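Presented below is the structure to which this report refers.
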Amino acid sequence: MATTSNAAGQSQTSIHEASTYQRLHPRAYLEKFLEEGMRTDGRKTSDWRDVQTGSISTAEGSALVRLGQTTVVCGVKAEIAEPALDRANHGFIVPNLDLPALCSPKFKPGPPSEESQILSDRLNDILITSKALDPTSLCIRPGKAVWTIYLDAICINYDGNVLDAALLAMVAALRITRLPAASYNEETNKTTCTRQNSVPLQLRNTPYICSFGLFDLTHLLSDPTSFEEPLLDTTISIVLDQTGQVISVLQEGLAAVASENSNQILRRCIEFAKQRLIILTPKIEQR
């Protein structure tokens, strides 16, 4: 019994020492793992975390996505608005990602953080450049009434790579969204809606995003965690459509551009992203 107690005590001491070393020397801690071809969560550099999708009962559509421990919930709400003067038959799509203090200690209570606003803008750019939703399909009466689609995503647990999780949640929610049948009355200048006859959104493309982190200009890490993100030299995100066609490449940081093997790194990212797409597609399309 004494031997067992001593072993348990030594194990607890080792865990405490490792945790302290990780907190005080995070970069050296990660380097030691990568020297052995592993990451701190047990994955290889090219491994992705598991993805789980689900839905909740809210508004016109909803989705819940878990990417490892990162969890994002997205709800879709639709409102009727007047179109812009120069685009009389175009509706609106407004994505927003909220990163509240409850999801991670790195975020503080108060107004939306700068990171939240930047990520919301990136999500908007992805949805526009991918032509996921035809804005003319949101028109009720040209020049009079159109639908505004609000994609409100909130991160309820943050463990890195929230951009990938948020886009998955938004796309998953859009795919099951149904809008009330709407008609515009010219005499009263009012729009009437009925939920007895609803229509699905007309998605033209399904964008997917796969993000990578470059550590020490050498190690390409798929799906970085919240521990790894602050240590990265750069982050590269590959946006693909459902056929595997590259839509855009997003990069934060200049390390990959300055390095001599930047083209090789980009090719690896695209190759890994296309492999990842095979796993992501049924997660979304079979809901």
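In region 230-251, the residues that are closer than 23 Å to T218 by Cα and modelled with pLDDT of 95 or more form Cβ pairs under 9 Å with partners that are outside any strand (DSSP E or B) and of a type in the set (F, W, Y), at six or more places apart or across chains, as follows: I238/F272. Applying the selection to region 117-144, what residues are touching a residue at least 60 places away in the same chain (Cβ under 8 Å), open to solvent by 50 Å² or more (accessible area, probe 1.4 Å) and among the β-branched types (V, I, T)? Selection gives T129 alone.
Scanning region 82-116 for residues that are touching a residue at least 40 places away in the same chain (Cβ under 8 Å), under 19 Å from the mean Cα position of the chain (by Cα) and open to solvent by 40 Å² or more (accessible area, probe 1.4 Å) returns I93, V94, N96, D98, L102, K106. Selection of strands (runs of 3 or more DSSP E) fully inside region 112-210 by the criterion of at least 3 residues being touching a Gly at 6+ places or on another chain (Cβ under 8 Å) returns 145-157.
In region 29-76, what residues are of a type in the set (A, V, I, L, M, F, W, C), assigned to a loop (DSSP other than H, G, I, E, B) and out of contact with any helix residue (DSSP H, G or I) (no Cβ under 8 Å at 6 or more places or on another chain)? Spell out the reasoning first.
Let us first name the residues in region 29-76 that are of a type in the set (A, V, I, L, M, F, W, C), namely 30, 33-34, 38, 48, 51, 56, 59, 63-65, 67, 72-74, 76.
Subsequent filtering for residues that are assigned to a loop (DSSP other than H, G, I, E, B) retains 38, 48, 56, 59.
Answer for region 29-76, where residues must be of a type in the set (A, V, I, L, M, F, W, C), assigned to a loop (DSSP other than H, G, I, E, B) and out of contact with any helix residue (DSSP H, G or I) (no Cβ under 8 Å at 6 or more places or on another chain): M38, I56, A59.
Checking the conditions here, which among I278, I265 is within 27 Å of A63 (Cα to Cα) and either at pLDDT 95 or above or not in a strand (DSSP E or B) (or both)?
Working: I265 fails: within 27 Å of A63 (Cα to Cα).
The conditions single out I278.
Among the residues of region 150-158, is there at least one that is surrounded by fewer than 18 Cβ atoms within 10 Å (Cβ to Cβ) and of a type in the set (A, V, I, L, M, F, W, C)? Working first, answer last.
As a first pass, look at region 150-158 and keep what is surrounded by fewer than 18 Cβ atoms within 10 Å (Cβ to Cβ): 150, 156-157.
Adding the requirement that they be of a type in the set (A, V, I, L, M, F, W, C) leaves 156.
Scanning region 150-158 turns up at least one residue that is surrounded by fewer than 18 Cβ atoms within 10 Å (Cβ to Cβ) and of a type in the set (A, V, I, L, M, F, W, C).
Being exposed (fewer than 14 other Cβ atoms within 10 Å of the Cβ), at pLDDT 95 or above and among the charged types (D, E, K, R) is a description that applies to E271.
For G213, the conditions (1) touching a Lys or Arg at 6+ places or on another chain (Cβ under 7 Å); (2) assigned to a strand (DSSP E or B) all hold with the exception of (1). Restricting attention to region 218-229, the residues being modelled with pLDDT under 95, out of contact with any strand residue (DSSP E or B) (no Cβ under 9 Å at 6 or more places or on another chain) and crowded, with 16+ Cβ neighbours inside 10 Å number 0.
Please specify each residue of region 1-49 satisfying the condition of being open to solvent by 80 Å² or more (accessible area, probe 1.4 Å) and at pLDDT 95 or above. Walk me through it before giving the result.
First pass over region 1-49, keeping only residues open to solvent by 80 Å² or more (accessible area, probe 1.4 Å): 1, 3-4, 6, 10, 12, 15-17, 23-25, 27, 32, 35-36, 44.
Result: K44, single match.
Please determine, by comparing only the residues of region 92-111 that are assigned to a strand (DSSP E or B) and not acidic (D, E), which one is nearest to L138 (Cα to Cα).
If we filter region 92-111 for residues that are assigned to a strand (DSSP E or B), which is where we start, we get 92-98.
Narrowing the set further to residues that are not acidic (D, E) leaves 92-97.
Values: F92: 7, I93: 9, V94: 13, P95: 15, N96: 19, L97: 22 Å.
Of everything passing the filter in region 92-111, F92 is nearest to L138 (Cα to Cα).
The values are calculated or read from the model by the stated rules, or taken from the named source; none is laboratory data. Predicted model only: the values in this text are computed from it and were never measured. Please note: Cβ atoms are built from the backbone with ideal geometry, for glycine as well, and neighbour counts cover all protein chains shown. All accessible areas refer to the heavy atoms of the entire protein, side chains included, with ligands and DNA or RNA removed. Shrake-Rupley method; radii C 1.70, N 1.55, O 1.52, S 1.80 Å.
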